[in-house]
Each structure stands twice: as C-alpha cells, then as structure tokens.
Amino acid sequence: MDLHNITAYDIARDRTDLTFEEGAAPLGGGTWLFSEPQPHLHRLVDLSGLGWPAVTRHPDALEIAATCTVEQMAALSDEAEHTAAPLFRQCAEALLASWKIWKRATVGGNICLSFPAGAMISLATALDADAVIWTIDGGERRIPVADFVLGVASNALAPGEILRSIRIPLRVLSSRTVFRKIALSPLGRSGAVVIGRRDDDGSVTLSITASTVRPCLLRFTEVPSAQALSDALARLVPTTSYYTDAHGSADWRRAVTAVLAEEIRIELSNTALSNTASANTEVQP
C-alpha cells in the first residue's frame, strides 16, 4: 500500500541517525507497515543502512539482529550441532507467510508488533532470549522477550528506543524441544502455540503464546505429572489471559492450550524415560 502521508524517508547509517520524533518510525522489512494506512506517520527511518549482521555468535549466546529476516533465521535449523535447531524453522513456518514475506519480514519487526500470534515471539520466549534495547541516551538495556511483550500490540519500548537484537543463551540450544501449534484452518493464523523445552539438568520450561494476550512461561524442576501441569496452567495462566478474535474464542484457546501442553508433557516424559533406560543399560562383553 502506498503511504501518501510520508514526506521524509531517511536511511540510517549509524546510531546517531536513529531519532524518532512524533510521527517518525523505524522501517525494517515493512511487510506490516505497508499493509495498511499509517495516517499518524510522516517519516520513516530505514534500518537497512546500519548493516547489522543477521546472526552473531558469541561464546555464551547466539545474537539475532532485529533486521534479520525470517528466511535467514529459519536457516539456523540447518545447524545440526544444536539440538534445539529445528525450532527456528518450526516457528518460521508458524508465521504462515509466503516466501516473499520470508525474504523481507524481520525478527525485530515481528516481535515489536507484539501481536499474540507473533511467531518470533514464540521462538524467543521458548529459548529464554533477551531483548537488547538501544536507549535514547546512547546506552542499552536488556529484558527477557517474555517480559518485553506487555499485551496485544503493546511492548516495553519507551519513546525513542529501538530493538537492536535478541540474544539466545547457548546453553538452551542443547535442550530438547517439542513444538505444537493449532489454528482454526490449515492456513490460518496461529490460535495457540505451545513449546516445551527440557534442559540438560532435567528441568522443563513450557512457553505459551498466540492463545494469550502476552507470553506465559511455566517452569518445572523435572517433567511434571499431568496433575501438576494442569494445576500450573490454572494457577499461572488465568482465564483472563486468553482472548477472543476472529481466529478463535478465549474458551477454545484455553482448551486447546491445555491439550497441546499435555501432548508435550507426554513426549518429554517419554524422552526422559528413554534417556534413563539408556543410561542404566549395561554393555555386555
């Protein structure tokens, strides 16, 4: 869609170019920005000129730039050394976008939109990623992506701040992950996305997105029992967290979230039992 009200288009070359007065907005891939009228905007600041590497590997973390495209992020699933690698493409495919969108839409844009069905929010939350935020005073702050998203289309960015990247701890990439997604139609927007992660120490993290107004995390010291999981869902994900829109009612979302969570619990439990059996098997001469 043409944005006839835009009177200035600036390409940022360094951090000093990242100024956002009222009516100015950053431009990443633009797949949402150009999808509907933006009458409140008059200036766009293109982030592509900053030249941020899509992926940077640190000794303790995998850093994904806000301008990394969904396609580039999905390619991380081809790195076989990470047990959790399949999750990158699984979350990308949950976006249900064409290959053209994959080549333009960015990880940062998806997270900053803060829509419940944001597939990059699902990924970042499940892998305990931190959001690296550039502040207006030239510094930076970090908060978990699970806390970055505050509600539907609402996040923790203060005026003038920008999401620079997300950082995924390397330790979680060796975890076993299980992905579940459901929608009302085969090519529909995600109604619920539930991801389970079992870390090397046996602890389990369950992330819930798409069905709730903001990400929810459940943590257990080991694979929970069916009753413990049910109790945690009731206690930590209140009924008011689920929401209704054209892609599903709150009651349906709550019900299918519980079903998907139990499927993940069973799969992680079977994996744990299998690993225990393997560890206790003696090798005969």
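The values are calculated or read from the model by the stated rules, or taken from the named source; none is laboratory data. None of these values were measured; they are calculated from a predicted model. Methodologically, a virtual Cβ is constructed for each residue, glycine included, from the backbone with ideal geometry; neighbour enumeration extends over all protein chains shown. Ligands, DNA and RNA are stripped out before the accessible areas are found, and what is left, the full protein with its side chains, is counted by its heavy atoms. Shrake-Rupley method; radii C 1.70, N 1.55, O 1.52, S 1.80 Å.
Going by average Cβ neighbours within 10 Å, how do the peptides 56-63, 128-135, 38-45 rank, with the highest at the top? Mind dumping the intermediate values first?
Values: 56-63: 13.4, 128-135: 20.8, 38-45: 16.0.
Ranked from most to least packed, the peptides come out as 128-135, 38-45, 56-63.
To the nearest 20 Debye, how big is the dipole of segment 1-120 about its Cα centre, given +1 on the beta carbon of each Lys and Arg and -1 on that of each Asp and Glu?
Values: 8 positive and 15 negative charges, 38 e Å.
Computed charge dipole of segment 1-120: roughly 180 debye.
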Inverting the mean 1/r over all pairs of different Cα atoms, compute the Kirkwood radius of segment 1-137 and quote it in Å.
16.0
The chain: angle of helix 226-236 to the longest principal axis, Cα-based, in degrees nearest 10
30
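Using the alpha carbon gyration tensor of segment 32-103, what are the three equivalent-ellipsoid semi-axes (square root of 5 times each eigenvalue), largest first, in whole Å?
Details: eigenvalues 152, 60, 15 Å².
Each semi-axis is √(5λ); the values are 28, 17, 9 Å.
Ordering Ser269, Ser211 by accessible area with a probe of 1.4 Å, largest first, what comes out?
On the way: Ser269 30, Ser211 0 Å².
Putting Ser269, Ser211 in descending order of accessible area: Ser269, Ser211.
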In nanometres, the difference between 0.36 nm per residue of separation and the alpha-carbon distance of Ile101 and Thr240 is 46.8 nm
Using the Kirkwood radius over Cα pairs of segment 160-226, the Stokes-Einstein translational diffusion coefficient at 10 °C and 1.306 mPa s, in µm²/s and rounded to a whole number, is 114
Residue-count net charge about Val172 - beta-carbon cut-off 9 Å; Lys, Arg +1, Asp, Glu -1
0
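If you take the beta carbon distance between Arg142 and Ser48 as r and set R0 to 22 Å, what does 1/(1 + (r/R0)^6) give as a FRET efficiency, to the nearest 0.05? All intermediate terms of the calculation are to be shown ahead of the outcome.
Working: r = 24 Å, r/R0 = 1.08.
E(calc), rounded to 0.05, equals 0.40.
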Tell me the accessible surface of Phe179 in square angstrom (1.4 angstrom probe, heavy atoms of protein chains only), to the nearest ten.
40
Assuming R0 = 30 Å, can you tell me the calculated FRET efficiency for the pair Ala228 and Ser249, based on Cβ-Cβ distance, to the nearest 0.05?
0.65
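Using only alpha carbon positions, build the gyration tensor of the chain, then give the equivalent ellipsoid semi-axes as the square roots of 5 times its eigenvalues, largest first, whole angstrom. Don't skip to the answer; put the middle values down first.
Values: eigenvalues 247, 98, 53 Å².
Over the Cα atoms of the chain, the ellipsoid semi-axes are 35, 22, 16 Å.
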Rounding to the nearest 10 and keeping the result within 0 to 90°, find how far the Cα-based axis of helix 250-280 lies from the longest principal axis of the chain.
50
Quickly estimate the mean residue ellipticity at 222 nm for the chain, helices only: each DSSP H run with n ≥ 4 gives -39500 (n - 2.57), and the total goes over all residues, rounded to 500.
-8500 deg cm²/dmol
A 1.4 Å probe over the protein heavy atoms gives the chain a carbon and sulfur accessible-area percentage of 54
Based on the Cα gyration tensor of segment 163-279, what are the three equivalent ellipsoid semi-axes, each the root of five times an eigenvalue, rounded to whole Å and given largest first?
25, 17, 14
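Between Arg13 and Arg219, what is 0.36 nm times their sequence separation minus the Cα-Cα distance? Round to one decimal in nm.
Working: separation 206, 0.36 × 206 = 74.16 nm, distance 4.16 nm.
Length difference between fully extended and current span is 70.0 nm.
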